[in-house]
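Step one of this worksheet: look at the structure below.
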Amino acid sequence: MKSRYLFPKDYMADPSANVFNGRLYIYPSHDWDSGECFDDDGGHFQMQDYHVLSLGDDPMTAPVTDHGVILDVKDVPWAEKQMWDNDVVEKNGKYYLIFSAKDYNGVFHLGVAVSETPEGPFVPKADPIRGSYSIDPCVFKDEDGSVYCYFGGIWGGQLQWYKDNKALKCEHLPEGNETPLPSRVAKMTDDVLQFSEASRPVLIVDENGKPLTADNPHRFFEASWMHKYNGKYYFSYSTGDTHYLCYAVGDNPYGPFTYKGVILEPVVGWTTHHSIAEFKGKWYLFHHDCVPSKDTTWLRSLKVIPLSYDKDGNIIKMKSE
Ligand code: FUB
């Protein structure tokens, strides 16, 4: 299907699309060439700040506005480096940017920064969210106003360093028929500054209700996203080293979610990471690839492609061209 490169002027990735006040906002990671070598822990992703982009009307053609830097790592007291994926949620007229970064001990946590407008600037809190770890937050506001934070990523995202929210002495990455490491979800406090509960595992099951195994083409790796369609909760994610975007559907924000299939075939570039949003009555998949940088993993470009469902609510699989 025909897609659009959203912002050819700069390298950006991990787009979190949200509609605020009738305008579509995209909160990406901001890639750059730091000179760090490629490694399996993502040491080549040395992002230092976040921008926000916005566009009106038709995402396939509308001009894109870059509102500039909304948060810089040097302004976050607890964070040293690697400003990875982020997402923004609105509650009671304020905007909360939840982001992942490494602290001065090389450990990923999630932080919060607050703004009066979707365009920022966002003012960071002094400390990370208590009980937060790993990467790739997605903040989802349900129709009753409750905000849920989904997060986690294996390998360089450090999810394998924890079990039941406790740091392990010895990490273990499940494989094959073992139980996979799930994404996590926690309801946020009313002020959206902390988790209101210990995070829970996001269980993905097959059509018989049996938990999926850790086999690579299906298992959760990173890039959690939640959206709602016809009253159902769609949890989507990346399979990382097998490079698929997949999804699973449930009846409530905590799951379990029944695996449904692939949303997007692998793109050029190692990572694949996305968001799904409805805007002016149409659905879109926002993602990135490395075609413009000639497959340079750490220089990714934002894309958008229309998304559709069949009559049973299944997402029609896409290939982004
Ligand atoms: O952008 C850095 C990392 O790459 C993200 O956190 C992952 O989801 C992957 O896209």
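The values are calculated or read from the model by the stated rules, or taken from the named source; none is laboratory data. Because the structure is predicted, anything quoted here is derived from the model rather than measured. Cβ: placed from backbone, ideal geometry, glycine included. Neighbour counts: every protein chain shown. When the accessible area is computed, the model is the full protein with side chains, heavy atoms only, and any ligands, DNA or RNA have been set aside. Shrake-Rupley method; radii C 1.70, N 1.55, O 1.52, S 1.80 Å.
With respect to being within 15 Å of residue 76 (Cα to Cα) and away from the ligand (no atom under 16 Å from the Cβ), residue 113 fits the description. The residues listed here are 299, 203, 245; of these, the one that is over 16 Å from residue 154 (Cα atoms) and among the aliphatic types (A, V, I, L, M) is 299. Which residue is farthest from the ligand (Cβ to nearest atom), if the candidates are limited to the stretch 3-13 and must be out of contact with any Lys or Arg (no Cβ under 8 Å at 6 or more places or on another chain) and more than 12 Å from residue 303 (Cβ to Cβ)? By that ranking, first place goes to 9. For the stretch 262-284, a residue qualifies if it is in contact with a His (Cβ under 6 Å, 6 or more places away or on another chain) and more than 14 Å from the ligand (Cβ to nearest atom), and exactly one does: 276.
Considering the stretch 59-76, and only residues there that are open to solvent by less than 60 Å² (accessible area, probe 1.4 Å) and part of a loop (DSSP other than H, G, I, E, B), the residue that is farthest from residue 282 (Cα to Cα) turns out to be 76.
Can you find even one residue in the stretch 25-42 that is surrounded by 15 or more Cβ atoms within 10 Å (Cβ to Cβ) and away from the ligand (no atom under 13 Å from the Cβ)? Yes, the stretch 25-42 contains at least one residue that is surrounded by 15 or more Cβ atoms within 10 Å (Cβ to Cβ) and away from the ligand (no atom under 13 Å from the Cβ). Within the stretch 232-246, residues that are among the hydrophobic types (A, V, I, L, M, F, W, C) reach partners that are within 11 Å of the ligand (Cβ to nearest atom) and open to solvent by less than 10 Å² (accessible area, probe 1.4 Å) with beta carbons closer than 6 Å, at six or more positions or on different chains, in the pairs 245/238; 245/272; 245/274. If only one of 82, 48 is within 16 Å of the ligand (Cβ to nearest atom) and free of Cβ contacts under 8 Å to residues at least 40 places away in the same chain, which one is it? The conditions single out 48. Just one of the numbered conditions (1) open to solvent by 10 Å² or more (accessible area, probe 1.4 Å); (2) within 27 Å of residue 208 (Cβ to Cβ) is not true of residue 237: (1).
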